[in-house]
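**Q** What follows is a single structure, and I will ask about it in a moment.
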Amino acid sequence: MANRELVDLQVENHIATLTLKREKQLNALSQQLLTDLNDALGEIEQRMEQQDEIRVVLLTGAGRAFAAGADIAQMKDLSAPVAEAFARLGQQVFSRLEQLAAPTIALVHGYALGGGMELAMACDIRIAAEGTKFGQPEVTLGVIPGFGGSQRLPRIVGQGNALHLLLTGDSIDAAEAYRIGLVTQVVPLDELTTAGHKIAARLLELGPTALAGVKRAVYEGAELSLEAGLVYEAARFGMCFAGDEQREGMTAFVERRKPQFAIS
Ligand code: CO8
């Protein structure tokens, strides 16, 4: 549909698959790739709203890596203001991804370094192929993360694990990423797509409004005090009772049948 060279979007059976397509540079995140990703997210939002066509989003990288970071060659000679603007561009695109109402799953293989790891962290669920290397090597390049790594990593793995990775710049493998909670599943490389689709199939059985509500409660709640977060959760919980999904889910339980959160 759209003329995007570096990001492919396919939609099948209510599952959107976004694929980074800059294989030769290990999907290094150039300005063009970020622009294409932003454009693809816009299309996903539109197709979700207009036709309720997309319920789950998978994010993957073509070739031998998920993404090996922001494009270092492109960043090398940036001035401070332009570097800041580039960081903001990446942050805005990643936040747009995080804020999609549909659940997102990163299928990570090969390398997820720097901006690549930050992109995976903007997804709701991360699963990895065995042997994948994760890391925030920015300090080895004389900079700090600029696409959200210093903010999302501590929220996901805790401040201690995050500071260890951010300060040393060292890479970890998928097993260690699983141990610290950066990913929630590790599978052989040839099973990665199947594993992603298995989670997607599970999510398709559930109500999209409830799933969107969980996302909002978790992400909005992370910005609030516990007490304010609890108030927010209660409000969202109440909102569930104004829709069809709650009626169907609870009626099905009482009637001892499987709920039908029908896909329109
Ligand atoms: N940027 C640009 N090009 C890259 C990148 C990158 N991050 N990673 C790989 N490439 C290119 C290589 O230059 C090479 O291109 P060519 O064939 O034209 O020489 C091609 O991809 C293949 O890479 P290698 O030959 O190096 O492949 P290897 O298998 O030998 O090594 C590695 C793979 C270990 C992944 C290696 O490529 C590497 O170390 N890459 C860089 C990893 C890195 O440091 N990433 C962090 C970047 S910094 C960042 O992401 C900050 C985000 C915030 C930005 C804020 C904006 C201001």
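The values are calculated or read from the model by the stated rules, or taken from the named source; none is laboratory data. Just so you know, these numbers come straight off a predicted model, no measurement behind them. Cβ: placed from backbone, ideal geometry, glycine included. Neighbour counts: every protein chain shown. What goes into the accessible areas is simple: the full protein's heavy atoms, side chains included, and nothing from ligands, DNA or RNA. Shrake-Rupley method; radii C 1.70, N 1.55, O 1.52, S 1.80 Å.
**Q** Which residue, of Leu29, Leu37, Leu41, is of a type in the set (A, V, I, L, M) and within 10 Å of the ligand (Cβ to nearest atom)?
**A** Every option except Leu29 fails the conditions.
**Q** Open to solvent by 20 Å² or more (accessible area, probe 1.4 Å), without any contact (Cβ under 8 Å) to a residue 24 or more places away in the chain and within 16 Å of the ligand (Cβ to nearest atom): is that true of Lys76 in this structure?
**A** Considered against the rule, which asks whether it is open to solvent by 20 Å² or more (accessible area, probe 1.4 Å), without any contact (Cβ under 8 Å) to a residue 24 or more places away in the chain and within 16 Å of the ligand (Cβ to nearest atom), Lys76 comes out as yes.
**Q** Count, please, the residues in region 44-72 that happen to be open to solvent by 20 Å² or more (accessible area, probe 1.4 Å), under 14 Å from Asp8 (Cβ atoms) and away from the ligand (no atom under 16 Å from the Cβ).
**A** Qualifying residue count, region 44-72: 1.
**Q** Let me ask you something else. If I filter region 104-124 for residues that are more than 8 Å from the ligand (Cβ to nearest atom), over 22 Å from Ser30 (Cβ atoms), in the same structural domain as Ala62 (by the TED database) and at pLDDT 95 or above, do I get at least one hit?
**A** Yes, some residue in region 104-124 is more than 8 Å from the ligand (Cβ to nearest atom), over 22 Å from Ser30 (Cβ atoms), in the same structural domain as Ala62 (by the TED database) and at pLDDT 95 or above.
**Q** Filter region 89-131 for residues that are open to solvent by 10 Å² or more (accessible area, probe 1.4 Å), within 18 Å of Gly148 (Cα to Cα) and among the aliphatic types (A, V, I, L, M) and give the result.
**A** Leu89, Leu113, Ile125
**Q** May I pose another question? When you check Phe147 against the structure, is it part of a strand (DSSP E or B) and either under 16 Å from the mean Cα position of the chain (by Cα) or not assigned by the TED database to the domain that holds Ile199 (or both), yes or no?
**A** no
**Q** Take the residues of region 19-37 that are in a helix (DSSP H, G or I) and touching a Gly at 6+ places or on another chain (Cβ under 8 Å): which is surrounded by the fewest Cβ atoms within 10 Å (Cβ to Cβ)?
**A** Going through the qualifying residues, I end up with Lys24.
**Q** Please specify each residue of region 79-88 satisfying the condition of being open to solvent by 40 Å² or more (accessible area, probe 1.4 Å) and either closer than 24 Å to Lys21 by Cβ or more than 8 Å from the ligand (Cβ to nearest atom) (or both).
**A** Selection gives Ser79, Ala80, Pro81, Val82, Ala85, Arg88.
**Q** Scan region 38-64 for residues that are in a loop (DSSP other than H, G, I, E, B) and within 16 Å of the chain's Cα centre (by Cα) and jot them down.
**A** Ile54, Arg55
**Q** Sticking with this one: Could you give me the residue pairs with C-beta distances under 8 Å whose first residue belongs to region 135-146 and is more than 6 Å from the ligand (Cβ to nearest atom), whose second residue is of a type in the set (Asp, Glu) and open to solvent by 30 Å² or more (accessible area, probe 1.4 Å) wherever it lies, and which are 6+ apart or on separate chains?
**A** From region 135-146, the pairs are Gly135/Asp170.
**Q** Oh, and also: Go over the candidates Arg152, Arg202 one by one and state the one that is open to solvent by less than 60 Å² (accessible area, probe 1.4 Å) and in a helix (DSSP H, G or I).
**A** From the options Arg152, Arg202, the qualifying one is Arg152.
**Q** Continuing with the same structure: Against the conditions (1) outside any loop (DSSP other than H, G, I, E, B); (2) more than 10 Å from the ligand (Cβ to nearest atom), where does Glu5 fall short? Just the number, please.
**A** Failing condition for Glu5: (1).
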